[in-house]
Amino acid sequence: MKELGYLFLLFARIGGLTFGGGYAMLPILQRELVERLNWVTEEELADYYAIGQCTPGIIAVNTATFIGTKRKGVIGGIVATLGVVFPSLVIISIIAAFLEGFADYPIVIHAFAGIRVCVCVLVLNAIISLWKKAVIDLPTLIIFLVVGIGSVFLNISAVLYVVAAGVAGIIIQLLKAKGGKKA
Amino acid sequence: MIFLQLFYEFFKTGLFAIGGGLATLPFLSQMAEKTGWMTQADIANMVAISESTPGPLGVNMATYVGYTTGGLTGIPFGNILGAVIATLGLIAPSIIIIIIIFKILQIFKDNKYVKAAFYGLRPASTGMIAAAGISVVEISLFHLGLLDSNGFAGIFNWPAIILAVVLYLLIKFLPKINKKLNFHPVVYLALSAVVGIILQFE
């Protein structure tokens, strides 16, 4: 029970610090779950993101469900997910009730323009540490470049990239195993 | 019963919107036309609010629509009930699907094909996050819209770029000077908000 409460509060804090979608959650997750608590490894986080991208639902929510389930089973998954959406519920309800035109206040616009700059830097940092674990040889570098560049310039569903990358991973590893036997 | 309908509509959005908050947009747009719970302008406002609050866009939208729609019923706390129900509807499919996937992965995690698939998935995942990061960089550090009017030099948002470089150096080198200086990201987020307000970032 105590750990469930902790899980809820932890993910509420993570949700409250996620400015701008699932990728913005990555630096906070790395800090809290990888560095501080050692609950997951950098690799597992990358795996959860990949699955979160190609399954229904919002990546931030999917990642929270994954980590909660890993810690405390089904109930943990539910609690972590409720935690991650809790700040949104509170904040948006307040805005809907009292703050007509909230996003038009100059102070809000300036503050969040500043925060967005910080999110860029934090995400860049998070990508660098993820990269070190994920891009480990030439084939993975090629997958990274193809998917990254493709996502910027082409309008293809993330599902396709994930399926293709998974299949590519299997083929590459099979070829490697085969090459290894011959040599 | 409006609350059941709220749950059902957002459940559908959660079930079919694959790949993050912006993927919910087309579904919300359809919902607006079908139910009249919100206008297209409300959705555009919500995108702005979601850029100006923590939390994923899809969740924020569900909460907002649930709150306003539930409020119209006249039931005491109908607005909060609506917000909770719509949000639960949105996240219910994720919870069910991810728990199932997790259980399946537990069984097959040592399978060599699953391992090989993840070997390919990790760089793809990193690539997709990098691509999402690039779009924030585009909005935050550059004025690409000014390319024509001001020439090439006009596209750089210099104050933002300088702030980004300073933040990067602080995050990178402060922990090397002293381990105690390895600040939580929230410190840098707050600092940036203050700088944004003082220097009137747009």
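Entry note, the protein assembly as shown: the mean residue ellipticity at 222 nm calculated from DSSP H runs of n ≥ 4, each adding -39500 (n - 2.57), is -26500 deg cm²/dmol after division by the residues and rounding to the nearest 500. Extension gain for B:Asn111-B:Ala41 works out to 20.3 nm (0.36 nm per residue, less the C-alpha to C-alpha distance). The C-alpha atoms of chain B define a longest principal axis, and helix B:40-51 lies at about 50 degrees to it. For A:Lys176, go through the lysines and keep the ones whose alpha-carbon is under 27 Å away, minus same-chain ones fewer than eight residues off. Straight-distance partners of A:Lys176: A:Lys132, A:Lys133, B:Lys109, B:Lys112, B:Lys115. For B:Phe142, the amide hydrogen comes within under 5 Å of the amide hydrogens of B:Asn157, counting only partners 5 or more places away or on other chains and with H modelled in the peptide plane.
With θ taken as phi - 60° and the Karplus curve 6.51 cos²θ - 1.76 cosθ + 1.60 applied, the whole-hertz 3J(HN,Hα) list for region B:178-189 is 8, 4, 5, 8, 7, 5, 5, x, 4, 4, 6, 4 Hz, x standing for glycine and proline. Per-residue Cβ neighbour counts within 10 Å put B:Glu51, B:Glu9, A:Glu43 in the sequence A:Glu43, B:Glu51, B:Glu9, beginning with the fewest.
Rg/Rh, computed from the Cα trace of region B:2-106 with Rh as the Kirkwood radius, has the value 1.00. Sorting B:Met38, A:Met1, B:Met1, B:Met128 from the fewest to the most surrounding beta carbons within 10 angstrom yields A:Met1, B:Met1, B:Met38, B:Met128. Spherically averaged projected area of the convex hull of Cα atoms, chain B: 17.3 nm².
The modelled label-to-label distance between A:Ala177 and A:Ser157, using points 7 Å beyond Cα along the C-beta direction, is 3.0 nm. Remark on region A:33-124: hydrodynamic radius 15.5 angstrom, per the Kirkwood mean of 1/r across alpha carbon pairs. In this simple spin-label approximation, B:Val187 and A:Phe98 carry label points 7 Å from Cα along the Cα→Cβ vector, and these lie 3.0 nm apart.
Here, each number is a calculation from the coordinates, and none is a lab measurement. Since this is a predicted model, take the numbers as computed values, not measurements. Don't worry about glycine lacking a Cβ; one is built from the backbone with ideal geometry, like all the others, and counts go over all protein chains shown.
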